[in-house]
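Each remark here refers to the structure printed beneath this line.
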Amino acid sequence: MDESRRIVSVEEVPTDGTLLFTVRSGVDTAEAILTRLGDGSVVAFENYCQHWTDVRLDKGSGALVRNGEIVCQKHGATFEQDTGYCDFGPCEGATLDTIAVAVEDGDVYLADDEYEFERLGPSGEYDLSSGSRIDFSGT
Ligand code: FES
C-alpha cells in the first residue's frame, strides 16, 4: 500500500463514533468520516447529511453513533453504520456517499482513486476554532 494513503491504524477508529479526516480531489478538499464495525471492518463516508448537505455529521469530535446507526444531530436522521443507508428521518431512503478504504496490516488506507489523503481532522474550511492545525506529517 502507498504510505501517502495511510489514514490511521484500525485500533484508533472508534466503534461508537467516527473519526474525521480530509481528502483532496484536485484543488478541492472534502471531509470524510471513518467508523469501525462490530466485525472489525472499517467504512468511510463523506461527512455530510443527505437531508441538508451543508450539515456535517461529525463536527470534529466524532458523530453520534447509537445502536449501530450514525445520527445526524440536526433533525435526527439515522444512517446504518455499515451501509450509510438512512432508515429514519427526513432523508429516509437516501444513502451517505461512500469513500473506499482498505485495511492492511492493521492500518486503514484510502482506496478511493478519486481522492488523495490530505490529513486527519477537519478540512481548513471548518478549522476556525483553535487556530491550530493537526499535523501528522512528522516533518
Ligand atoms: S440535516 Fe441531517 S437530518 Fe436534517
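The values are calculated or read from the model by the stated rules, or taken from the named source; none is laboratory data. These figures come from a predicted structure and were not determined experimentally. Quick reminder, even Gly has a Cβ in these numbers, built from the backbone with ideal geometry, and neighbours come from all protein chains shown. Ligands, DNA and RNA are excluded from the accessible area calculation, which covers all protein heavy atoms including side chains. Shrake-Rupley method; radii C 1.70, N 1.55, O 1.52, S 1.80 Å.
Quick notes on this one:
- Total residues in the range 61-80 satisfying the condition of being in contact (Cβ under 8 Å) with a residue 24 or more places away in the chain, within 12 Å of the ligand (Cβ to nearest atom) and in a loop (DSSP other than H, G, I, E, B): the figure is 4.
- Residue within the range 112-121 that is open to solvent by less than 60 Å² (accessible area, probe 1.4 Å), touching a Gly at 6+ places or on another chain (Cβ under 8 Å), within 20 Å of residue 43 (Cα to Cα) and at pLDDT 95 or above present: yes
- Condition met for residue 40 (surrounded by fewer than 22 Cβ atoms within 10 Å (Cβ to Cβ), within 14 Å of the ligand (Cβ to nearest atom) and over 14 Å from the mean Cα position of the chain (by Cα)): no
- With respect to the conditions (1) assigned to a loop (DSSP other than H, G, I, E, B); (2) open to solvent by 20 Å² or more (accessible area, probe 1.4 Å), residue 11 lacks only one, and its number is (1).
- All conditions but one from (1) open to solvent by less than 40 Å² (accessible area, probe 1.4 Å); (2) more than 11 Å from the ligand (Cβ to nearest atom); (3) modelled with pLDDT of 95 or more apply to residue 56; the one that does not is (2).
- Applying the criterion of being assigned to a strand (DSSP E or B) and open to solvent by less than 60 Å² (accessible area, probe 1.4 Å) to the residues of the range 81-94, the residue that is farthest from the ligand (Cβ to nearest atom) is 87.
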